[in-house]
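Below is one structure, written out as structure tokens, with a few remarks after it.
The values are calculated or read from the model by the stated rules, or taken from the named source; none is laboratory data. Note that the structure is predicted; figures quoted are calculated from it, not measured. Cβ coordinates were reconstructed from backbone atoms using ideal geometry, including for glycine residues, and neighbour counts include every protein chain displayed. Note: accessible area is taken over every heavy atom of the protein model, side chains too, but ligands, DNA and RNA are not part of it. Shrake-Rupley method; radii C 1.70, N 1.55, O 1.52, S 1.80 Å.
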Amino acid sequence: MSLPDKLIIFLGRTFSGHHHDYSMLKQEFPPELDWFTDIHVGVDLGYLGIQSDYSGDQIDIPTKKPRKSKKHPTPQLSDDQKATNKVLSQVRIFIEHAIGGMKRYNILVHVFRNRKANFEDDAIGVCAGLWNFALSY
């Protein structure tokens, strides 16, 4: 999680291998509790289902383009849906830049072969701290 000024405020646990973003969110923040009732949350389409699993009025997710079918050979989003998606992406780009800023440190980019327990979490924490420090100058 980060702020619009690209400052990183929360890091979840690291997972090795390929894991879906939404399954990692459900492990970190169980849906049974009211995590997102008082805060504004903006997510991308990798989190489909968050509005039905979590309670909260301020969960923003883009509208997915409908699938192509025989009935609808050229599916399109309405102009209102496109405008809403554009506003959401203009906010989300700052989070993507924060993630990219952390990845300037090569330990996060290359294959990690260390065998120390929980060292991955320490490495990403240090990189996030360095990124936040770089933003302060």
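The table below lists the values:
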{"quantity": "H97-D38 FRET efficiency (beta carbon distance; Förster radius 35 Å; 0.05 resolution)", "calculated": "0.85"}
{"quantity": "Residue-normalised accessible area of the chain, expressed per residue, 1.4 Å probe, Å²", "calculated": "75 Å²"}
{"quantity": "Value of relative contact order over the chain, rounded to a whole percent, pairs C-alpha under 8 Å and six or more apart", "calculated": "26 percent"}
{"quantity": "Accessible-area composition of region 22-90, carbon plus sulfur, in percent [1.4 Å probe]", "calculated": "50 percent"}
{"quantity": "Calculated FRET value between F119 and Y22, using beta carbons and R₀ = 30 Å, to 0.05", "calculated": "0.70"}
{"quantity": "Potential lengthening between V126 and R104 on full extension [0.36 nm per residue; Cα-Cα distance subtracted]", "calculated": "6.7 nm"}
{"quantity": "Computed lengthening from V87 to K71, 0.36 nm per intervening residue step minus Cα-Cα distance", "calculated": "2.8 nm"}
{"quantity": "Percentage of interatomic Cα-Cα distances in the chain larger than 24 Å", "calculated": "44 percent"}
{"quantity": "Span from the region 102-127 Cα centroid across to the region 1-23 one, whole angstrom", "calculated": "14 Å"}
